[in-house]
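The values are calculated or read from the model by the stated rules, or taken from the named source; none is laboratory data. Nothing here was measured: the structure is a model prediction, and the numbers come from that model. Backbone-built Cβ (ideal geometry, glycine too); neighbour counts: all protein chains shown.
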Amino acid sequence: MIKLVSHPEWCRRVDCGSTAAHRSATIRVSGPGDLLGIDAMLMQLDVPSAPRLVRLEVTDDGATTTYLMPEDQARSLHRALGDLVAS
Ligand SMILES: [Zn+2]
């Protein structure tokens, strides 16, 4: 029996069924010459009431570390970084 997957509007609709997670398109937050490579995307497990998460893939000197944080924490980080660099 095929499970029908309901995708959030922001989902890129690739491999959701096999990974049991929805993912947005990746946003590259770094460019040539930046110290760190940073890619960001939205992610949500394909289970009822799963929270939406922000997934950060940070690459430093060839090693990539993945961080998952709740959407609220990502908003707090956004505000904190904005305040920090504006000071
Ligand atoms: Zn999906």
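Where in region 1-65 are the strands (runs of 3 or more DSSP E), entirely inside, with at least 3 residues that are free of Cβ contacts under 8 Å to residues at least 24 places away in the same chain, surrounded by 10 or more Cβ atoms within 10 Å (Cβ to Cβ) and away from the ligand (no atom under 11 Å from the Cβ)? Please lay out each step first, then the result.
Details: elements: 21-23, 37-45, 53-60.
Qualifying strands (runs of 3 or more DSSP E): 37-45, 53-60.
Looking at region 46-59 only, could you name the residues that are of a type in the set (A, V, I, L, M, F, W, C) and modelled with pLDDT of 95 or more? Even if it seems obvious, please write down each step before you answer.
Taking region 46-59 as the starting set, the residues that turn out to be of a type in the set (A, V, I, L, M, F, W, C) are 47, 50, 53-54, 56, 58.
Listed by number, the residues that qualify are LEU53, VAL54, LEU56, VAL58.
Taking region 60-87, which residues are of a type in the set (Gly, Ala, Ser) and either at positive phi or modelled with pLDDT of 95 or more (or both)?
GLY62, ALA63, ALA74, SER76, ALA80, GLY82, ALA86
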